[in-house]
Amino acid sequence: MSRQEYIGVFDSGYGGLTILKEILQELPGYHYIYLGDNARAPYGARSFETVYQYTIEAVRKLFELRCRLVILACNTASAKALRTIQQVDLPTIDPEKRVLGVIRPSIEALSAYSTNGHIGILATRGTVASKSYPMEINKLYGEGRYHITQLSCPMWVPLVENNELTGEGAKYFVQKYLDELFLSDPAIDTIVLACTHYPLLKPLISSMVPEYVKIVGQGHIVADRLKDYLVRHPELEKYLAREACVDYYTTDKVELFNDMGSIFMEQEIDCRYVQIC
């Protein structure tokens, strides 16, 4: 048996690179393909139907590129498309392939962080509107276990994508949304950064909240759960190439992706253009 298939990581743009970076630290030995649908980003304010259509097109492209397992490293895609893809599309496309998201792993980790059960979810408008986090939290832990406050932070993604992580504009908008969050629930002791762009603002966020507040990024959680998933599914893992490399693809300008991607990955990258629709 030859190992000829890959792990795909998909995001609407650059944010999923924060997930990929953590995965590479935890599981460096595999061959990964990262696909950013930058030409149609952002997904956050788009309808469920549009996000689903864009996401299934990207998943199909990653399957064409020989990915056996695809991670939706995008909260909006995970919230609006994952369930339909898993339950409706995969049985028809190829029941041997797998598509995973980032919301469930993040929720499963909550009990290790919060002590008083008051959780803040900072996300895009689309993720907040989907109510995926409250629904999944209540489904896993039961109604009433956690007091959940959601807030969309529409200015944070532009800040990150313009590399404005420490300036006055960043300070203003980070403080603005944190003030809104704690005004809604002053008892919050754990904040989930439920957008993959937001970890780049984590140092600034941490400096503006009380010391007892835990800031939860998703990258290391998803990486840990992927490692566990591959151990539990040797029938899938046995097909994955052990080539310790990453191929990057974008649906928009290659030069721009290389510049921005290098900021997220903290190293030079070289991507290729791909059309997915």
Would you please name the residue that is most open to solvent (accessible area, probe 1.4 Å), looking only at residues in the stretch 124-151 that are at pLDDT below 95 and outside any helix (DSSP H, G or I)?
Glu143
Restricting the search to the stretch 83-100, which residues are open to solvent by 10 Å² or more (accessible area, probe 1.4 Å) and in contact (Cβ under 8 Å) with a residue 24 or more places away in the chain?
Thr84, Asp89, Ile93, Asp94, Glu96, Lys97, Arg98, Leu100
When residues of the stretch 232-277 are filtered for being out of contact with any strand residue (DSSP E or B) (no Cβ under 8 Å at 6 or more places or on another chain), assigned to a helix (DSSP H, G or I) and free of Cβ contacts under 8 Å to residues at least 40 places away in the same chain, how many remain?
7
Restricting the search to the stretch 102-121, which residues are surrounded by fewer than 24 Cβ atoms within 10 Å (Cβ to Cβ), within 20 Å of Asp228 (Cβ to Cβ) and small (Gly, Ala, Ser)?
Ala109, Ser111, Ala112
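Consider Ser114 carefully, then state whether it is under 20 Å from the mean Cα position of the chain (by Cα) and polar (S, T, N, Q). Talk me through it step by step, then tell me what you get.
Details: under 20 Å from the mean Cα position of the chain (by Cα): no; polar (S, T, N, Q): yes.
Here the answer is no, as Ser114 does not meet what is asked.
Name the one entry in Ile221, Ile269, Ile215 that is in contact with a Pro (Cβ under 8 Å, 6 or more places away or on another chain) and either modelled with pLDDT of 95 or more or farther than 27 Å from Thr50 by Cα (or both).
Values: Ile269 fails: in contact with a Pro (Cβ under 8 Å, 6 or more places away or on another chain); Ile215 fails: in contact with a Pro (Cβ under 8 Å, 6 or more places away or on another chain).
Going through Ile221, Ile269, Ile215 in turn, the sole match is Ile221.
The values are calculated or read from the model by the stated rules, or taken from the named source; none is laboratory data. Please read all numbers here as calculations on a predicted model, not as lab measurements. FYI the Cβ positions are ideal-geometry reconstructions off the backbone, even for glycines, and counts take in every protein chain you see. These accessible areas exclude ligands, DNA and RNA; they are computed on the full protein's heavy atoms, side chains included. Shrake-Rupley method; radii C 1.70, N 1.55, O 1.52, S 1.80 Å.
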